[in-house]
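Comments concern the structure below.
The values are calculated or read from the model by the stated rules, or taken from the named source; none is laboratory data. Predicted model, so just to flag it, every value in this text is computed and none were measured. Cβ: placed from backbone, ideal geometry, glycine included. Neighbour counts: every protein chain shown. In case anyone asks, the SASA skips ligands and DNA or RNA and just uses the protein heavy atoms, side chains included. Shrake-Rupley method; radii C 1.70, N 1.55, O 1.52, S 1.80 Å.
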Amino acid sequence: MLIGRRVHYHGNIDDGWGRCVVADEIDTDHGLRYELSTLHDGTVILHTVRRTSFTLIPLAGKHVVASAQLRAQIVQSEFARQWSRDHWLPEITEGVDTLPRRVADLIQHNRPVDAEYALLCGEQFVGCISYQQYHDRVTALVIAGDDDSRT
């Protein structure tokens, strides 16, 4: 029984793509079919879905962001050390300025993989990590458990 499991829908209906919850399991003449609902309010959005149209999200513990605020502050200080404030477009400067708050908000809203991704982008941008390290770490990120990340 998969009822209650979080899944990632990747079937033919583009509007349904993304993470859902298995709401019901129906035995039909053509095999098992599933109803998928939204994560937050439980509204059924997809009916008679084949098992091949979704992937189970691992039950493993969700990602833990190590030293999030310290890493965000290091990105800010490296940015300030390397460039003057008028060197980059205001949107980029604002992104670096708001990084600690954005990361804290993502963690608070149960999106640790998104928070880790934001930190890795910042760290790679200012040169704290190489592109290869960035690539390897981003590739290794896994949305698991009850993580609501969208990355």
Exercise. Is it the case that some residue within region 135-144 is under 16 Å from the mean Cα position of the chain (by Cα), surrounded by 15 or more Cβ atoms within 10 Å (Cβ to Cβ) and either at pLDDT 95 or above or outside any loop (DSSP other than H, G, I, E, B) (or both)?
Worked result: yes
For this session: Could you check how many residues of region 34-84 are under 27 Å from residue 94 (Cα atoms) and not basic (Lys, Arg)?
Result: 20
Problem set entry | Within region 130-151, considering residues that are of a type in the set (A, V, I, L, M, F, W, C) and touching a residue at least 40 places away in the same chain (Cβ under 8 Å), the one nearest to residue 75 (Cα to Cα) | 141
Exercise. In region 119-134, what residues are in a helix (DSSP H, G or I) and open to solvent by 40 Å² or more (accessible area, probe 1.4 Å)?
Worked result: 121, 124, 125, 131, 132, 133
Problem set entry | Residue list for region 26-47, restricted to those being of a type in the set (D, E, K, R) and touching a strand residue (DSSP E or B) at 6+ places or on another chain (Cβ under 6 Å) | 33, 35
Seminar exercise, completed: Scanning region 95-119 residue by residue, those under 30 Å from residue 39 (Cβ atoms) and among the charged types (D, E, K, R) turn out to be 101, 102, 105, 111, 114, 116
